[in-house]
Amino acid sequence: MDLKLKDKTALVTGATAGIGLAIAKRLAQEGAAVAITGRQAGKLEAAVRQIRAAAPGAMVDAVSADLGTARGAAQLTEQLHDTDILVNNLGFYEAKPFAEITDDDWFRMIELNVMSGIRLSRHYFPRMLARNWGRVIFISSEVGAFTPPDMVHYGVSKSAQLAVARGLAELTKGSDVTVNSVLPAATRSEGIVEYLRQTAPRPGMTDAEIEAHFFKTHRPSSLLARMIEADEIAAMVALLASPLGAASNGAAVRVEGGSYRSIL
């Protein structure tokens, strides 16, 4: 299927690994000119090589910036003044008992997971409206819909993304600009594998056994009953970024394997 992205530009934040890198690869494969961000030059260079290997001939740019700060966001927008597609993927998660989550923990979570996307959207979104075409996509999480008790601050940050996305979508009425959120569940990466290892009930378990135990014990509602692959998230993001995805606007699109038990 031709997603009609060959004349589009895309910015994917936090794209040196995991979901962000998979999204950047997929958009490049569809013909978009892609810019990615990260804080470490070595990881950015490696990600650019991977994207070009996956999409030979693709136009790929990398911007080193700490988007967890207002200064970093300003540095990025000064270098990349415009984009057709903004994918706010940057973020982190951690598990911590609620009573041990300090003010600094809360501020860091909100600054990186929420404010990074707000600052970039504040710059790029009005420009999309002015030219009557654009896509803003927030990579939220299933925990934006139901928050685990050991990740309350993370859940709040992901719920906030849903609210920002829906509010921005309300400003697009009658235009060809859309704003959506994507809600993945546990997606395979080095970080999530290490996190799952912490849930192992006994030493010596294989990663496959740990994954099966996690879904049986901690995510029994998952219909997929396995971790999602980053490429599966990227496929949905590419569709929402495409002109073919124009009818989805203001939506919280679930790519979480059916773990959230709701028909809406």
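Side notes on the structure shown:
- Leading residue by the ranking (nearest to Tyr260 (Cα to Cα)) among those in the stretch 201-221 that are small (Gly, Ala, Ser) and surrounded by 10 or more Cβ atoms within 10 Å (Cβ to Cβ): Ser221
- Any chance Gly14 is buried (at least 22 other Cβ atoms within 10 Å of the Cβ) and closer than 25 Å to Thr187 by Cα: yes
- All positions within the stretch 212-243 that are within 22 Å of Gly20 (Cβ to Cβ) and assigned to a helix (DSSP H, G or I): Ala230, Asp231, Glu232, Ile233, Ala234, Ala235, Met236, Val237, Ala238, Leu239, Leu240, Ala241
- Per this entry, Glu142 is not counted among residues that are surrounded by fewer than 22 Cβ atoms within 10 Å (Cβ to Cβ) and either under 22 Å from Gly258 (Cα atoms) or free of Cβ contacts under 8 Å to residues at least 12 places away in the same chain (or both).
- Residue list for the stretch 44-82, filter: in contact with a helix residue (DSSP H, G or I) (Cβ under 7 Å, 6 or more places away or on another chain), surrounded by fewer than 17 Cβ atoms within 10 Å (Cβ to Cβ), without any contact (Cβ under 8 Å) to a residue 60 or more places away in the chain and closer than 17 Å to Ser121 by Cβ: Ala70
- Arg131 vs. criteria surrounded by fewer than 22 Cβ atoms within 10 Å (Cβ to Cβ), touching a residue at least 12 places away in the same chain (Cβ under 8 Å), farther than 30 Å from Thr199 by Cα and not hydroxyl-bearing (Ser, Thr, Tyr): no
- Among residues of the stretch 28-44, those that are assigned to a helix (DSSP H, G or I), modelled with pLDDT of 95 or more and in contact with a strand residue (DSSP E or B) (Cβ under 7 Å, 6 or more places away or on another chain), counted: 2
- Sole residue being over 17 Å from Asn113 (Cα atoms) and in contact with a strand residue (DSSP E or B) (Cβ under 7 Å, 6 or more places away or on another chain), chosen from Thr178, Thr199: Thr178
- Scanning the stretch 117-137 for residues that are under 13 Å from the mean Cα position of the chain (by Cα) and farther than 15 Å from Phe92 by Cβ yields Val136, Ile137.
- Top-ranked residue of the stretch 149-159 - restricted to ones that are in contact (Cβ under 8 Å) with a residue 24 or more places away in the chain and not polar (S, T, N, Q), ranked as surrounded by the most Cβ atoms within 10 Å (Cβ to Cβ): Lys158
- Count of the stretch 60-70 residues, restricted to those that are assigned to a loop (DSSP other than H, G, I, E, B) and within 16 Å of Ile23 (Cβ to Cβ), is 1.
- Any chance Ala247 is of a type in the set (A, V, I, L, M), without any contact (Cβ under 8 Å) to a residue 12 or more places away in the chain and either under 23 Å from Leu3 (Cα atoms) or out of contact with any helix residue (DSSP H, G or I) (no Cβ under 8 Å at 6 or more places or on another chain) (or both): yes
- Test: residue in the stretch 212-221 that is among the polar types (S, T, N, Q), touching a strand residue (DSSP E or B) at 6+ places or on another chain (Cβ under 8 Å) and touching a residue at least 40 places away in the same chain (Cβ under 8 Å): no
- Subset of the stretch 228-238 [buried (at least 16 other Cβ atoms within 10 Å of the Cβ) and touching a helix residue (DSSP H, G or I) at 6+ places or on another chain (Cβ under 6 Å)]: Ala230, Ile233, Ala234, Val237, Ala238
The values are calculated or read from the model by the stated rules, or taken from the named source; none is laboratory data. Every value quoted in this text rests on a predicted model; they were computed, and no experiment measured them. Note: ideal-geometry Cβ built from the backbone for every residue, glycine included; neighbour counts use all protein chains shown.
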